[in-house]
Amino acid sequence: MPLSQWLIESIVQLLLMVTSLALHPLNGSPSGHLRTSPPSTIHAAMGPWTRFIYNVLTHPRHTQWIGPLLILADAVLCALVIWKIPYTEIDWTTYMQQVKLFLDGERNYPSIQGSTGPLVYPAGHVYIYALLYHLTDQGRDILLGQIIFAGIYLATLVVVVACYRQVHAPPYLFPLLVLSKRLHSIYMLRLFNDGIAAFFMWIALYLWMKRKSLLAVTAWSLGVSVKMTLVLLAPAIAVVSAYDSGLSGGLVQAVVAFQPQMLLAKPFTRKNTIGYLTRAFELTRQFMFKWTVNWRFVGEETFLSKEFSFGLLALHVSLLGLFSAIWTKPSGMNIFNFARDLLRGWKPHVVLSKTFVMNAMLSSLAIGMLCARSLHYQFFAYLAWASPFLLWQANFHPIVIYILWAVQEWAWNVYPSTNASSAAVILSLAIQVFGVFIGRLKAVDGKSANVGDRTKDAINRR
């Protein structure tokens, strides 16, 4: 066959595949049920290799080999990043200075300082970086520190891939899990504690999907002990715990979650309880406008105003109330009746699907980040791996998912942030939050999923 004819036929085959994708999006219902074959008329016109590519892109069974291959490729990429790109000093030296004070016997939290400011993270952060202090020759062996963080990154990626496989996510989402420039920078070039907290978050999410609730809340609590950003998951955790164990069981899980906080903080609370709590979980911190990634476009005066802060808090509460319509739908009740019956000792006789659990947790995270007073670049460690799933759950076409992912990635890589990049950060988060809400609301109302799919997705009756 002449080369020109082969090229023409190849282009035609690709156009047929793209047409099939355009007409039948393949991102499936919010329940994760996918169409894995194109419509018969287009399918008949496809060549064998085009059908193969189509199948590889859309059928979840292929993730069993795509996932490991991407992890292996990313391991090579991590090595190249460490080898070729210079390390950037931001907080590592400060972390080491603060840890040295702790190792020298300082237990009064407000007295633990570094060159860039006081210690503002919970006790788990201190112990983990104390270990890193010893492993890296008091913080001087930066290369070893980078290698350790590459290991943390890859370990987290393994758990993320496992979570995506649990919900039968389509293979075309998986490349987005390894392509983020900003995410590699946060782990390997900055050595931020957010990467460690994100590891615990994904471990907890995986355990929740496996219905290991006590282990899950313990892992989540350990993540909170590194950085309190994970508190953003608390509303969804409360709902999932209520479904899992009712009010009494949920209270038991709350007590279990509280134990690591108490044990890790004990050396510091024994010395100065108020000092520890106000530093480790500071809620009145005045954020600096020059570092904001998300709200630069509103201007410094608005950013620093109390009205803006209260407005974001009100928006956060309102969005959580809005999402309660989705989260309580499996019970057949609204949030008020759901809460009332829980207080009366009622226990829901439902088992939440893995898709529902992951959707609720990551939606709660995205809502919190959308309404956050200020996001810094390292916060992308929590969002980067959540966004592909949320965009899929919003029922967006695969091409749209890739475009929105690219816009978000661009926005988080602009330094310093600009009006345009910060607006893109907020717009991307808003699209994910409201896209998931609309997609899930349609699914639970039966508008985009039949009763059988809806039952499989939302609940499985005991």
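Derivation of every value follows stated rules applied to the coordinates shown; laboratory data play no part. The model shown is predicted, which means the values in this text are computed figures rather than measured ones. Glycine also receives a Cβ, built like all others from the backbone with ideal geometry; neighbour counts cover every protein chain displayed.
Relative to the longest principal axis of the Cα atoms of the chain, the long axis of helix 234-280 makes an angle of roughly 30 degrees.
Projecting the Cα atoms of I326, A197, L343 onto the dipole axis of the chain, where Lys and Arg carry +1 and Asp and Glu carry -1 at the beta carbon, places L343 farthest toward the positive end. Each part gets one Cα centre, and for region 47-112 versus region 189-244 those centres are 18 Å apart.
Where the only charges are on Cβ atoms (+1 Lys, Arg; -1 Asp, Glu), what is the dipole of the chain about its Cα centre, to the nearest 20 debye? It would help to have the intermediate numbers written out before the result.
Details: 36 positive and 19 negative charges, 241 e Å.
That gives the chain a dipole magnitude of about 1160 debye.
Across region 74-79, rounded Karplus estimates of 3J(HN,Hα) from the backbone phi angles (6.51 cos²θ - 1.76 cosθ + 1.60, θ = phi - 60°) give 5, 4, 5, 4, 4, 4 Hz, Gly and Pro being marked x. The alpha carbons of region 251-341 give a radius of gyration and a Dmax of 19.0, 49 Å, in that order. Relative contact order of the chain: 21 percent, from C-alpha pairs under 8 Å at least 6 residues apart in sequence. Against the empirical 2.2 N^0.38 Å (N residues), region 42-119 has a Cα radius of gyration ratio of 2.16.
Shape descriptor for region 268-321: Rg over Rh equals 1.12 (Cα atoms; Rh from the Kirkwood inverse mean 1/r). Taken over region 344-385, the convex hull of the Cα atoms encloses 97 Å³ per residue.
Under 5 Å between amide hydrogens, built in the peptide plane, is the criterion, and for V351 it picks out N460, R462 among residues at least 5 positions away or on other chains.
Which shape class, rounded, prolate or oblate, goes with region 119-203 when its Cα gyration tensor gives a ≥ b ≥ c as root eigenvalues, a/c under 1.5 marks rounded, and past that a/b bigger than b/c marks prolate?
Values: a/c = 2.68, a/b = 1.89, b/c = 1.41.
Prolate, since a/c reaches 1.5 and a/b exceeds b/c.
Computed on region 377-445, the Cα convex hull volume stands at 72 Å³ per residue.
Taking a quarter of the surface of the Cα convex hull of region 153-258 gives a mean projected area of 6.8 nm².
So what is Rg over Rh here for the chain, counting just Cα atoms and using Kirkwood for Rh?
Numbers: Rg = 23.4 Å, Rh = 23.7 Å.
Here the Rg-to-Rh quotient is 0.99.
At most 14 other C-beta atoms within 10 Å and a DSSP loop state: those are the exposed GluC sites (Glu not before Pro) I care about. Give me the longest piece of the chain that has none.
On the way: sites that count: E89, E282.
After excluding every exposed loop site, the longest remaining stretch is 90-281.
Taking the average, over residues, of other Cβ atoms within 10 Å as the packing measure, peptides 198-206, 186-194, 267-275, 391-399 rank 198-206, 186-194, 391-399, 267-275 from highest down. Using the alpha-carbon positions of region 173-224, Rg (one decimal) and Dmax (whole number) come out as 12.9, 35 Å. Let me know the shape class of region 251-403, please: from the alpha-carbon gyration tensor, a ≥ b ≥ c as square roots of the eigenvalues, rounded when a/c is under 1.5, otherwise prolate if a/b is greater than b/c, or oblate. Taking the square roots of the gyration eigenvalues as a ≥ b ≥ c, region 251-403 is oblate. When the listed pairs K84/K354; K181/K290; K306/K354; K306/K329; K227/K306 are checked against a 29 Å cut-off, the alpha-carbon distance exceeds it for K84/K354; K306/K354; K306/K329. Averaging the sequence gap over all C-alpha pairs within less than 8 Å and six or more residues apart, then dividing by the number of residues, gives region 151-284 a relative contact order of 20 percent.
Counting only Cβ charges, +1 for Lys and Arg and -1 for Asp and Glu, the dipole size of region 178-299 around its Cα centre is about 380 debye. The relative contact order of region 242-349, computed from alpha carbon pairs under 8 Å that lie at least 6 residues apart in sequence, is 46 percent.
How would you classify region 190-340 from its alpha-carbon gyration tensor, with a ≥ b ≥ c the square roots of the eigenvalues: rounded for a/c under 1.5, else prolate if a/b is greater than b/c, otherwise oblate? Let's see the in-between values first.
Details: a/c = 1.85, a/b = 1.18, b/c = 1.57.
Oblate, because a/c is 1.5 or more while a/b does not exceed b/c.
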